[in-house]
2 protein chains.
Amino acid sequence: MANLNTDLLTPSVAIDCVVFGFHENELKVLLLKLKNIDLWALPGGFVHKHVDIETEAHNALELRTGLDNIFLKQFHTFGSIERNDTDHNKMLVDKKVIPEEWFPWFNQRFISIGFYALVEYSQVKEPIPGPISEACEWCSVNDLPPLMLDHEHILTVAHETLKKELNNQPIGLNLLPKRFTIPELQSLYETILGKKLDRRNFRRKVMSFGILVCTNERRTGVAHKAPLLYEFDEASYIKANEAGLSSGW
Amino acid sequence: MANLNTDLLTPSVAIDCVVFGFHENELKVLLLKLKNIDLWALPGGFVHKHVDIETEAHNALELRTGLDNIFLKQFHTFGSIERNDTDHNKMLVDKKVIPEEWFPWFNQRFISIGFYALVEYSQVKEPIPGPISEACEWCSVNDLPPLMLDHEHILTVAHETLKKELNNQPIGLNLLPKRFTIPELQSLYETILGKKLDRRNFRRKVMSFGILVCTNERRTGVAHKAPLLYEFDEASYIKANEAGLSSGW
DNA sequence: TTTCTTAGTGTCAATAAGACACTAAGATAT
DNA sequence: ATATCTTAGTGTCTTATTGACACTAAGAAA
């Protein structure tokens, strides 16, 4: 996208992706550092006229992560008129973040479809910056750099959605490596929820989902008692995901 | 909208509203009958350039129902390219549903933001058709007329969302009249869920929410034992709505 | 006044959730 | 080598929630 063929794009429509990863007991999110300015942005982009929005979101993430099979879910569409900020767009031109000829396109009123993605941190070898960014990095959700426009709000809504999703479905298959320990899974839950959980009750509950398979092997070369490694049983995991966890009515 | 000033509209973006009502133990939805053709559509419309999408959805519904304080919630955005169906749009012109000069606008690739609304059936005196429709009527969700494009899909997703919402929050304030009986509330739940619930357990559960106030008056002039009338305690209702019902983690 | 239908209530059993304490095993320091 | 530290792994008891189920009360209609 060194050039921008706006004839091929759907006007007024953008997508923004909140890519969550889990590393060193922190919930991370993939952010792009804009050129020439201390401002960061969510990965995303525009929607080609002949491409489904879900496909476009996948494509955007493949460009940044190199991964082509990412778990992705639409969570909200942001359509406030305040998202259209002419001063902000002029500033992007002034600072040479975008070329001047892109200004009319960027200065449209956009509505943005928000997706969140869950990826295994270690599989993203080297996040790839895009045409208007000079870096692509994992940032801790608890220590965010300044974000452009309403991107911090989008990120917050995505995080809230993820928290709620924990009550409806298991999470972990897309965020953890193939093999993991129960304490690691618990740490993931605690990190997303931002609170501590009881070890014994956590184990009992996740085991009751019937989606974990014990490999009978242990994580070696680690301090203290070697924990057992587990894997998700994918069939059961998918079934639990579809059925939902909470019964309700 | 006898004329269509497309300069004022956000290109490519539409909204569709699934308006639920409850009447005679049936879940109803407000639909527009297109002119000159046996095809129905969800109320909705386009988004003015200077108007928030939520506001636009409210406006669209006020035009159809005369109500200006409708409960409205965004639930999904539909962005499949198959929504852009040139043959369908040509047909709309042929049948004089839309004037020929509107064809270019209608034939854009649209993404549509879906909202669902909950309204008290009896408050909508006379639903008002729009410029491309000749009737606006309540239709039973279980007995739908033929719908244009993917509107039946949109409706189904809205209904699924509503079912899930029952597990997270109380429902009824926006769908029932001010005073109602517990059996009526149960009937609403059963209708949305499409299944029978145990009377005693239902009463126990909804009472435990702490959102119902007994008026100590009874519904008179009704067959059989006169049931007690209840009201929602709005403050508690709103609090329950925000806090959510299921604890989960 | 008898019958029919719906409203309203209570109990018991099963399940799920929360609180809590000990033993096991590996790593490190002495 | 052994003592110490830290995390892994397990079980029980209590309480709260859920599901199943049967009777009495009141109004309408026959």
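No lab work stands behind these numbers, since they all come straight from the coordinates. Only a predicted model underlies this, so the values are computations on that prediction, with no experimental measurement involved. For neighbour counting, all protein chains shown are included, and Cβ atoms are generated from backbone atoms with ideal geometry for every residue, glycine included.
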Evaluate the distance, in nm, between pseudo-label points positioned 7 Å from the Cα of residue B:142 and of residue A:6 along their respective Cα→Cβ axes. 5.2
Taking the Cα centre of chain A as the origin, how large is its charge dipole in debye, to the nearest 20, when only Lys and Arg (+1) and Asp and Glu (-1) carry charge on their Cβ atoms? 1140
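In peptide B:74-82, how many Cβ atoms from other protein chains are near each Cβ within 10 Å, on average?
The mean count of partner-chain Cβ atoms within 10 Å per residue comes to 6.
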Label 7 Å beyond Cα on the Cβ vector: residue A:249 copy-to-copy distances, nm: 2.7
Do any trypsin sites (Lys or Arg not before Pro) in the stretch B:43-110 lie in a loop, going by DSSP, with at most 12 other beta-carbon atoms within 10 Å of their beta carbon, and if so which? B:96
Over the stretch A:32-107, what is the mean sequence separation of C-alpha contacts under 8 Å (at least six apart), divided by residue count, expressed as relative contact order in percent? 26
Would you list B:121, A:230, B:237 from fewest to most Cβ contacts within 10 Å? B:121, B:237, A:230
Considering Cα pairs under 8 angstrom that are at least six residues apart, work out the relative contact order of the stretch A:169-243 and quote it in whole percent. 37
Distance in nm between residue B:226 and residue A:179 label points, each 7 Å along Cα→Cβ, equals 7.3
In bins 5 Å wide, starting from 0, what share of all Cα pairs of chain B does each bin hold, as a percent? 1, 6, 12, 16, 18, 15, 11, 8, 6, 4, 3, 1, 0
If you scale each eigenvalue of the Cα gyration tensor by 5 and take the root, what three semi-axes come out for the stretch A:169-243, rounded to whole angstrom and sorted largest first? 20, 16, 11
Which distances, in nm and shortest first, link the residue A:194 label point to the same label point in every other copy, taking 7 Å along Cα→Cβ? 3.7
Roughly what would the spin-label model give for residue A:90 and residue B:122, points 7 Å off Cα along C-beta, in nm? 5.6
Projected onto the charge dipole of the stretch B:6-166 (unit charges on the beta-carbon of Lys, Arg, Asp and Glu, signs +1, +1, -1, -1), the Cα from B:117, B:67, B:6 with the largest positive-side position is that of B:6
Express the Stokes-Einstein translational diffusion coefficient of the protein assembly as shown in µm² s⁻¹, to the nearest whole number, given a Kirkwood radius over alpha-carbon pairs, 10 °C and a viscosity of 1.306 mPa s. 63
Nm distances between the label at residue B:161 and the same-position labels in the remaining copies, 7 Å along Cα→Cβ, shortest first? 1.1
Report for the stretch B:6-166 the percent antiparallel among DSSP-assigned beta bridges with both residues inside it, nearest 5. 75
Considering the dipole of the stretch B:148-249 built from charges on the beta carbon (Lys and Arg +1, Asp and Glu -1) around the Cα centre, which of B:151, B:170, B:183 is farthest to its positive end? B:183
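Counting Lys and Arg as +1 and Asp and Glu as -1, what is the net charge of the other residues whose Cβ lies under 12 Å from the Cβ of residue A:70?
With Lys, Arg at +1 and Asp, Glu at -1, the neighbours total -2.
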Sequence gap at least 6, Cα distance under 8 Å: using those rules, report the relative contact order of chain A to the nearest whole percent. 23
Can you list the residues of the stretch B:222-248 with backbone N under 14 Å from a point 7 Å past the Cα of residue B:203, pointing along Cα to Cβ? B:225-230
What 222 nm value per residue comes from the helices of chain A, counting each DSSP H run with n ≥ 4 as -39,500 (n - 2.57) and dividing by all residues, nearest 500 deg cm²/dmol? -9000 deg cm²/dmol
The farthest towards the positive end of the charge dipole of the protein assembly as shown, of the residues A:130, A:240, B:17, given +1 on Cβ of Lys and Arg and -1 on Cβ of Asp and Glu, is A:240
Among beta bridges assigned by DSSP with both residues in the protein assembly as shown, the antiparallel ones amount in percent, to the nearest 5, to 75
Taking amide H positions as placed 1.01 Å from N in the peptide plane, with prolines and chain starts having none, which residues 5 or more places from residue B:233, or on another chain, fall under 5 Å of its amide H? B:212, B:213
Note the angle between two axes, namely the Cα long axis of helix A:199-208 and the longest principal axis of the Cα atoms of chain A, as a number of degrees from 0 to 90, rounded to the nearest 10. 90
Output the 0 to 90 degree angle, nearest 10, between the alpha-carbon long axis of helix A:53-65 and the longest principal axis computed from the alpha carbons of chain A. 80
So, in Å, what gap is there between the alpha-carbon centers of the stretch B:18-88 and the stretch B:137-168? 11
So what's the angle, to the nearest 10 degrees on a 0 to 90 scale, between helix A:234-243 and the longest Cα principal axis of chain A? 70
For residue B:189, what is the net charge nearby, where nearby means another residue's Cβ is under 12 Å from its Cβ and Lys, Arg count +1, Asp, Glu -1? +2
